[in-house]
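Read through the structure below, which is laid out as structure tokens, and then see the notes.
Values quoted throughout were computed directly from the atomic coordinates according to the rules given, and no laboratory measurement underlies them. What you see is a predicted model, and the numbers here were worked out from it, not measured in a lab. All Cβ positions, glycine included, derive from the backbone under ideal geometry; neighbour counts span all protein chains shown.
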Amino acid sequence: MPKQIKKQDLPVKVCIGCNRPFSWRKKWEKVWEAVKYCSKKCSSKR
């Protein structure tokens, strides 16, 4: 049985584009340390 993690227990970072907090996503599992922006829109806005 897979380990269940509640949404409020997921790691959180602050986007350097919009200064808003964003949570960990499955697609960022392997590159979480390198993620700086919450979305493509924020990364292209810099």
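In the chain, Cα pairs under 8 Å separated by at least six residues give a relative contact order of 33 percent.
Per-residue ellipticity at 222 nm computed for the chain from its helices equals -3000 deg cm²/dmol, with DSSP H segments shorter than 4 residues left out and the rest contributing -39,500 (n - 2.57). Placing +1 on each Lys and Arg Cβ and -1 on each Asp and Glu Cβ, with no other charges, gives the chain a dipole about its Cα centre of roughly 240 debye. Computed from the C-beta positions of residue 33 and residue 4, the FRET efficiency with R₀ = 35 Å rounds to 0.90.
For the stretch 4-46, state which chymotrypsin sites (Phe, Trp or Tyr not before Pro) are in a DSSP loop and have at most 16 other beta carbons lying within 10 Å of their beta carbon. Could you put the intermediate results ahead of the total?
Numbers: sites: 22, 24, 28, 32, 37; in loops: 24, 37.
Taking the stretch 4-46 and a limit of 16 other Cβ atoms within 10 Å, the loop chymotrypsin sites (Phe, Trp or Tyr not before Pro) found are 24.
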